[in-house]
Amino acid sequence: MTGDKQGFDRLGEIYKMMWTKTICSPLLVLLAGLVVWGWGDPPAATRVANEKQDLPEVTEGIRPKLTNSALPEGIPAHDATTQSVTPRWYRGNLHTHSFWSDGDDFPEMIVRWYTDQGYHFLALTDHNILSRGEKWISLDTVEKRSGGPECMEKYQTAFGGDWVQIRESQGATQVLLCPLDRIRERFEKEGEFLLIEAEEISDSVNGKPLHMNASNLEQLLRPTGGASVREAIDSNLRAAAEQAERTGRQILVHLNHPNFGWAVTAEDLAAVTRNRFFEVYNGHPGVNHNGDANRPSIERMWDIINTLRIDKFNVLPLFGLAVDDSHSYHGKPGGSHPGRGWVCVRADELNAEQLIGAMHRGDFYASSGVELKTLQFDTENKVLQLEIVPAPGVTYQTQFIGTRKGYDETTKSKEDAEGKPVPGTRVYSAEIGEVLATSAELQPTYQLKGDELYVRAVITASCDHPDPSFSGQKPQAWTQPVGWEK
Ligand SMILES: [Zn+2]
Ligand SMILES: [Zn+2]
């Protein structure tokens with residue numbers, strides 16, 4: 001374990017190195033001042049009651065300290081002391097389905113699509129399964145699920161007779177599903193494209209769907225279940241942490257689509273302090289991204305979650321991913337198509353350890369169509385600045401959103417039109433997640449005033465989304481919360 005002091009010492013060393021070896025450049029200086037975040041040691045898994053009545057009970061599985069401190073063991077830091085490596089943005093999708101579970105195309109067709117679109121990394125995340133070993137699918141299922149014979153025809157045209165394996169078994173024609181290692185041989189290219197082995201842990205708690213993606217696995221993780229949503233989130237995270245420790249790998253777990261089946265509340269996500277990531281945007285049309293009359297949108301939940309985590313529980317905020325959750329690859333109207341949500345991660349190299357390390361530091365943004373050239377938080381001067389890559393004829397609005405200290409803390413339960421309480425996230429004041437500033441510039445900046453618990457930016461394009469997952473959708477990008485370090 002490395003403590004707070006060592007973290008600051010290391011930052012100091014980086015500065016010193018840069019000046020004394022005269023290798024400093026504005027970029028490197030900025031990099032050293034950038035996010036070097038982490039968390040402390042996990043105490044024993046216990047649960048404690050919270051003193052305040054209205055607050056959720058915190059899961060004490062892990063309490064990542066709210067400090068600008070050292071990274072946990074094994075998470076690589078940016079190597080700002082070497083000139084040879086310049087961190088760059090890598091674009092990837094960490095939520096994808098194929099015929100290995102309920103997607104409607106062959107995995108290598110899907111991988112080919114993502115490489116053709118210029119993605120740098122991809123995780124195939126089928127439900128409770130890794131793409132390993134021998135698995136056959138009947139041609140009947142292929143045609144039924146994909147909507148006709150075209151899927152098989154496209155597959156054979158793309159990959160040819162030597163690659164595609166077909167057999168007759170028990171009176172049915174079957175097609176062999178390609179395992180990940182064979183797909184890797186064909187598509188992975190050092191520095192250009194990476195496949196991360198992953199699954200969607202698809203758990204269920206009291207009839208509610210609880211889904212969590214685990215990326216960079218060595219072994220399948222089976223859903224652990226739990227007496228409550230919070231317990232199940234925590235125990236699945238614990239299982240992933242045990243595998244990470246046993247294998248020495250970095251494993252990234254993120255909580256999927258909290259509003260799907262109205263399964264996970266903002267209070268749940270605030271309370272499970274072991275959890276660090278969730279989907280602020282999921283491209284599946286069925287995930288209730290905007291909430292409904294009685295329940296908040298995902299983005300509103302994010303502000304409630306992070307206000308509670310930072311102000312009440314003194315733990316790190318939750319970071320947000322955008323993902324496709326793609327199932328539907330043949331243009332089915334209303335389907336969950338690929339290409340709607342992704343993350344851009346700033347890393348030194350394209351490998352799972354570096355990418356996951358950068359995500360733990362919050363060095364990434366989520367996008368549904370807006371691209372950023374730069375994104376920096378100067379921890380010294382407390383300035384958040386970014387630069388948008390403009391598309392022709394499109395304008396952009398950036399909102400800096402946060403919660404100020406001394407905000408109105410009152411909450412009440414939601415009531416429906418008849419006055420009956422609606423289970424789910426409580427109603428919080430408008431002072432949580434308020435718009436602190438708005439900019440129409442391509443290089444918006446926000447100077448923190450000092451009373452913010454955190455600040456994040458959301459950038460919205462003026463054009464319509466080319467393939468919306470909800471009506472009226474505009475392309476957006478979401479940066480991670482900053483300014484919360486104590
Ligand atoms: Zn799911
Ligand atoms: Zn999924």
Checklist entry - In the range 236-252, which residue that is closer than 18 Å to V205 by Cα and touching a strand residue (DSSP E or B) at 6+ places or on another chain (Cβ under 9 Å) is nearest to ligand 2 (Cβ to nearest atom)? => result N236
Checklist entry - Which condition does N213 not pass, out of (1) in a helix (DSSP H, G or I); (2) within 16 Å of ligand 2 (Cβ to nearest atom); (3) in the same structural domain as Q243 (by TED's automatic domain parsing), if it passes all the others? => result (1)
Checklist entry - Given (1) in a loop (DSSP other than H, G, I, E, B); (2) within 16 Å of ligand 1 (Cβ to nearest atom); (3) within 18 Å of the chain's Cα centre (by Cα), where does P317 come up short, assuming only one miss? => result (2)
Item to check | Identity of the residue in the range 110-135, surrounded by fewer than 16 Cβ atoms within 10 Å (Cβ to Cβ) and under 28 Å from T224 (Cα atoms), that ends up farthest from ligand 2 (Cβ to nearest atom) | outcome: E134
Checklist entry - For residues in the range 207-233 being free of Cβ contacts under 8 Å to residues at least 24 places away in the same chain and farther than 20 Å from A244 by Cα, which is nearest to ligand 1 (Cβ to nearest atom)? => result G207
Checklist entry - When the range 260-285 is examined, which residues are found to be within 16 Å of ligand 2 (Cβ to nearest atom) and either assigned to a helix (DSSP H, G or I) or within 19 Å of Q476 (Cα to Cα) (or both)? => result F260, G261, F277, F278, E279, V280, Y281, N282, G283, H284, P285
Item to check | Subset of the range 258-281 [in contact with a helix residue (DSSP H, G or I) (Cβ under 8 Å, 6 or more places away or on another chain) and within 11 Å of ligand 1 (Cβ to nearest atom)] | outcome: P258, A263, E279
Checklist entry - Quick check: anything in the range 176-199 within 16 Å of ligand 1 (Cβ to nearest atom), in a strand (DSSP E or B), surrounded by 13 or more Cβ atoms within 10 Å (Cβ to Cβ) and touching a residue at least 12 places away in the same chain (Cβ under 8 Å)? => result yes
Item to check | Filter result (free of Cβ contacts under 8 Å to residues at least 60 places away in the same chain, among the polar types (S, T, N, Q) and within 16 Å of ligand 1 (Cβ to nearest atom)) within the range 282-308 | outcome: N288
Next on the checklist: For the structure I just gave you, tell me whether I166 is surrounded by 17 or more Cβ atoms within 10 Å (Cβ to Cβ) and over 22 Å from G335 (Cα atoms).
Outcome noted: no
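The values are calculated or read from the model by the stated rules, or taken from the named source; none is laboratory data. Everything quoted here is computed from the prediction, not taken from an experiment. Cβ atoms come from the backbone with ideal geometry, glycine included; neighbour counts cover every protein chain shown.
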